[in-house]
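The values are calculated or read from the model by the stated rules, or taken from the named source; none is laboratory data. Please read these numbers as outputs of a predicted model, since none were measured by experiment. Here the Cβ positions follow ideal geometry from the backbone for every residue, glycine too, while neighbour counts run over all protein chains shown.
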Amino acid sequence: MKFLILAILVLGFSCTQSAHKENTISISIPQEISTLDPANCYDTVCYMPVAQVYETLYELEYLKRPYSLRPLLAEGMPELSRDRLKYTFKIKKGIKYHASDLVPAGREVKAQDFVTQIKRLAFLGSHSQGWWLFDGKVKGLNDWRDKVQTDMDKFSVETVSGLYAPDDHTLVIELVRPYPQLMFALGLNFASPVPEEAMKTLRNDLSMVTVGTGPYEIVSYNSTQEVTLKKNPNYITSTYPAEGDRYAHESGLLKDAGAKLPFMENIKLIVIKEAQTDWLNFLKKKIDMINLTKDHYHVALTSEGKLKPEISKDKIQLQASPTLIYWWIAFNMKDPLFGNNLNLRKAIAHGVNIDKYIELFTYNVAQKANSIYPPGLPGYSPSTELPYKYDLTLAKEYLVKAGYPNGKGLPPITFDVRGTDTRKRQMGEFIQQELRNLGMEITVRINSFPAFLEKSRSGELQFWQGGWVLDYPDAENVLQLLTTANLPPGPNSSQYSNAKYDKLFEELKGLDDGPHKSNLMAQMEVLVNNDLPWVMQYYSRNYILYHDYFKNFRYSDIIYNNLKYIKIQE
């Protein structure tokens, strides 16, 4: 999964009334919202509104770690055939869509709505970022995709042999081969139900309109300034969790067990691009929580990573959390310069001081990467070592082998950055200066985040910082980023293609966690490191501050529908 969102909203600071006085949760988001369509929302910014509005068959347990699933729109766990190829799901009754001109009054969720949405992921006209979840996995779905392509008239006429609804509350999915990750896939917003009548009315364009069942519905939408949501008065899908892990019990997070959700009347998602504006809004209680950036680590935290007394005295709380977010320097393997010159890629791998990068841009909070897999993922090994490190002498030797001694004769190179804020620009300029030490001249190109995503999806990037938030905690979710099947517009923006890697992936993706899977993971990591489409940088750690009145909060970087659990209480 990719990163973030919107244009700046400058707030006045003369008003001292806190957002919580209005029975409202106020959260900042750092970039423009790219889309509201669950078939195409694939970054952590659009997830903020989409995950509050849409629901899925399953959701991640809010108060349990390691992560596990619980039923949401499903009545329970599915019936699974002995060969693990047929899943039968029972859908909850009485779940209604938000009131809308797009659906009849009181329209309830039907099993066919899940069929419609999975077909939307396959439909070429959707250009869906979620197709990879079902590509080659459901019987008849790829044939349906080839037959229908972009023809809306054929969309409902043509059926999928392995995807059907025997009745309004039963969904059946038949697989081509075992797919252990299916349950996680059905917990992602990509698989949210969509009524076919709404999809047809909108001609499949849900980019600015929502048709959901979630705890909140959108009442105003400006993708570059603010999104306002209000409580769904008919919400009955879920209640506050009654179970949690040791941390949940010790932190008093189970006091509302079984309570009706959501607690709050309104949500405001405010676009604030600059870290200083975000920080001032937090201190003035214009927003209720903040994910600290390096700009304010030294202001809020001691050298031991604790809250400074002058911050904690204002009843501000801290949650420090490891994440499933990680970063690398990426090359376009189809680019004539980088794709055909391993030594040039090695020169850059040895020529960028990752430790200095981590110091400058994360205040030494991030953990330097040692693997293409992040910690916390089954199969990750802390003893793994990358085959490159910062060494200018070696970098210059590789540059000579690449045919460009001291950068002489090197064609133009562009490093694209993934946002317009000062920090993103500075990160690009750091890479520029590091490679200038080798005699290489790099042009830094500034992009809005939606523009960066579009370049990524169309394979136009040459050289950039790649990043990923795991959709679910499984190695398959990492490794699919580099498969030939996921070339753009899929998530393989590096356009890496290796037949042996693809073959190992086909074997691995049907396996449950265990020694054999770990062995395949290690083999595939060797291939990636030898071919070097990525130069690994670091694993993120997050420091989240929130006001004391912001109750029931537990940070997660892969649970996005968490605002239904939050309540404001002095």
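I want to confirm something. Restricting to the stretch 354-391 and keeping residues that are touching a residue at least 60 places away in the same chain (Cβ under 8 Å) and over 27 Å from the mean Cα position of the chain (by Cα), which single residue is farthest from ASN530 (Cα to Cα)?
TYR388
Which condition from (1) at pLDDT 95 or above; (2) within 22 Å of the chain's Cα centre (by Cα); (3) within 30 Å of ARG65 (Cβ to Cβ); (4) of a type in the set (S, T, N, Q) is the one that ASN519 breaks?
Going through the list (1) at pLDDT 95 or above; (2) within 22 Å of the chain's Cα centre (by Cα); (3) within 30 Å of ARG65 (Cβ to Cβ); (4) of a type in the set (S, T, N, Q), ASN519 breaks only (2).
THR484 passes all but one of (1) in contact (Cβ under 8 Å) with a residue 60 or more places away in the chain; (2) within 23 Å of the chain's Cα centre (by Cα); which number fails?
So THR484 meets the others, but not (1).
Could you grab me the full set of residues in the stretch 219-228 that are of a type in the set (Val, Ile, Thr), over 21 Å from the mean Cα position of the chain (by Cα) and either farther than 13 Å from ILE29 by Cα or surrounded by fewer than 17 Cβ atoms within 10 Å (Cβ to Cβ) (or both)?
The answer is VAL219, and nothing else.
Between GLY136, GLY94, which is assigned to a loop (DSSP other than H, G, I, E, B), within 19 Å of ASP167 (Cβ to Cβ) and not aliphatic (A, V, I, L, M)? Even if it seems obvious, please write down each step before you answer.
Values: GLY136 fails: within 19 Å of ASP167 (Cβ to Cβ).
Unique residue meeting the criteria: GLY94.
Go through ASP146, ASP135, ASP168 for me and flag whichever is more than 20 Å from GLY76 (Cα to Cα), surrounded by fewer than 17 Cβ atoms within 10 Å (Cβ to Cβ) and of a type outside the set (A, V, I, L, M).
The unique qualifying residue is ASP146.
What single numbered condition from (1) modelled with pLDDT under 95; (2) under 25 Å from GLU507 (Cα atoms) fails to hold for PHE134?
In the conditions (1) modelled with pLDDT under 95; (2) under 25 Å from GLU507 (Cα atoms), PHE134 misses (1) alone.
Which of the residues spanning the stretch 387-415 are in contact with a helix residue (DSSP H, G or I) (Cβ under 6 Å, 6 or more places away or on another chain) and not basic (Lys, Arg)?
Filtering the stretch 387-415 down to residues in contact with a helix residue (DSSP H, G or I) (Cβ under 6 Å, 6 or more places away or on another chain) leaves 387-388, 391, 394-395, 398-399, 401-402, 415.
Scanning the stretch 387-415 gives PRO387, TYR388, ASP391, LEU394, ALA395, TYR398, LEU399, ALA402, PHE415.
Take the residues in the stretch 473-490 that are at pLDDT 90 or above and not in a helix (DSSP H, G or I), then tell me which one is farthest from PHE331 (Cα to Cα).
Residues of the stretch 473-490 at pLDDT 90 or above: 474-488.
So of that shortlist, the ones also not in a helix (DSSP H, G or I) come out as 474, 483, 487-488.
Working: ASP474: 24, THR483: 15, LEU487: 14, PRO488: 14 Å.
Within the stretch 473-490, the match that is farthest from PHE331 (Cα to Cα) is ASP474.
Would you point out which residue out of PHE123, PHE89, PHE190, PHE114 is of a type outside the set (Gly, Ala, Ser), buried (at least 20 other Cβ atoms within 10 Å of the Cβ), assigned by TED's automatic domain parsing to the domain that holds TYR67 and over 30 Å from VAL219 (Cβ atoms)?
On the way: PHE123 fails: over 30 Å from VAL219 (Cβ atoms); PHE190 fails: over 30 Å from VAL219 (Cβ atoms); PHE114 fails: over 30 Å from VAL219 (Cβ atoms).
Checking each option against the conditions leaves just PHE89.
Inspect the stretch 299-309 for any residue being surrounded by fewer than 20 Cβ atoms within 10 Å (Cβ to Cβ) and within 20 Å of ILE559 (Cβ to Cβ) and give the result as yes or no.
No, the stretch 299-309 contains no residue that is surrounded by fewer than 20 Cβ atoms within 10 Å (Cβ to Cβ) and within 20 Å of ILE559 (Cβ to Cβ).
Could you say which residue among TYR496, TYR543, TYR501 is surrounded by 18 or more Cβ atoms within 10 Å (Cβ to Cβ) and either touching a Phe, Trp or Tyr at 6+ places or on another chain (Cβ under 6 Å) or assigned to a loop (DSSP other than H, G, I, E, B) (or both)?
Checking each option against the conditions leaves just TYR496.
Can you find a residue that is of a type in the set (Lys, Arg), assigned by TED's automatic domain parsing to the domain that holds GLN432 and over 25 Å from ASN477 (Cα atoms) anywhere in the stretch 314-334?
no
All but one of (1) surrounded by 24 or more Cβ atoms within 10 Å (Cβ to Cβ); (2) under 15 Å from THR239 (Cα atoms); (3) not hydroxyl-bearing (Ser, Thr, Tyr) hold for GLY76; which doesn't?
(1)
Return the residues of the stretch 139-151 that are more than 15 Å from PRO489 (Cβ to Cβ) and either touching a strand residue (DSSP E or B) at 6+ places or on another chain (Cβ under 8 Å) or part of a helix (DSSP H, G or I) (or both); say none if nothing qualifies.
Residues satisfying the conditions are LYS139, GLY140, LEU141, ASN142, ASP143, TRP144, ASP146, LYS147, VAL148.
If I filter the stretch 390-407 for residues that are under 30 Å from TYR247 (Cα atoms) and at pLDDT 95 or above, do I get at least one hit?
No - not one qualifying residue is present in the stretch 390-407.
Tally time: how many residues in the stretch 333-370 are part of a loop (DSSP other than H, G, I, E, B) and under 23 Å from GLN462 (Cα atoms)? Full working, then the answer.
Taking the stretch 333-370 first, the residues part of a loop (DSSP other than H, G, I, E, B) are 333-341, 352-353, 363-366, 369-370.
Cutting the leftovers down to under 23 Å from GLN462 (Cα atoms) gives us 333-341, 352-353, 369.
Going through the stretch 333-370 one residue at a time, the tally reaches 12.
Look at TYR247 and say whether it is surrounded by fewer than 22 Cβ atoms within 10 Å (Cβ to Cβ), within 15 Å of TYR97 (Cα to Cα) and of a type in the set (Phe, Trp, Tyr). First the steps, then the outcome.
Working: surrounded by fewer than 22 Cβ atoms within 10 Å (Cβ to Cβ): yes; within 15 Å of TYR97 (Cα to Cα): no; of a type in the set (Phe, Trp, Tyr): yes.
So TYR247 fails the test.
Looking only at residues that are modelled with pLDDT of 95 or more, hydroxyl-bearing (Ser, Thr, Tyr) and surrounded by 19 or more Cβ atoms within 10 Å (Cβ to Cβ) in the stretch 10-58, which one is nearest to the chain's Cα centre (by Cα)?
Filtering first and then ranking leaves TYR47.
For SER100, indicate whether it is in a loop (DSSP other than H, G, I, E, B), out of contact with any Cys (no Cβ under 7 Å at 6 or more places or on another chain) and either modelled with pLDDT under 95 or surrounded by 14 or more Cβ atoms within 10 Å (Cβ to Cβ) (or both).
yes
Looking at TYR555, is it crowded, with 21+ Cβ neighbours inside 10 Å, under 30 Å from VAL299 (Cβ atoms), out of contact with any Leu (no Cβ under 6 Å at 6 or more places or on another chain) and touching a residue at least 24 places away in the same chain (Cβ under 8 Å)?
So TYR555 fails the test.
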